[in-house]
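Here's the structure we're looking at; comments come further down.
The values are calculated or read from the model by the stated rules, or taken from the named source; none is laboratory data. Just so it is clear, the model here is predicted, and its values are computed rather than measured. Because the Cβ atoms are built from the backbone with ideal geometry, glycine has one as well, and the counts that use them run over all protein chains shown.
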Amino acid sequence: LHAESRFETFMTYTNTRGLRAERHVVEGEDVPATILRTAAELGSDLLFIGTRGRSDTAAVLLGSVAEKVVRAADVPTVAVKRKGATLSLLDALFEL
């Protein structure tokens, strides 16, 4: 709920400054592919994606949705990490 509130604040901020931001909720088994397909269908010209802040080791072993989206996107993509957020390999493994 906190994330939704922060996102609404972001939407208000951008929409009052001449930018158009939209939120879309979609489902799919391959999350990066679903994000990229949806962005293409909507004609998005910029993407923002949140990251969990996994360590490099955890990201390599477990994969990173944000990294896959950033690498494969046809449009500029900004990955945003919450200040101070990190997740160790051990913590990441317990999330599985």
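Select from the stretch 22-46 the residues that are touching a strand residue (DSSP E or B) at 6+ places or on another chain (Cβ under 8 Å) and closer than 19 Å to residue 10 by Cα and write down the one among them that is modelled with the lowest pLDDT.
Top of the filtered list is 46.
Take the conditions at pLDDT 90 or above and within 20 Å of residue 7 (Cα to Cα) and apply them to residue 49. Does it pass?
So residue 49 does not fit the description; no.
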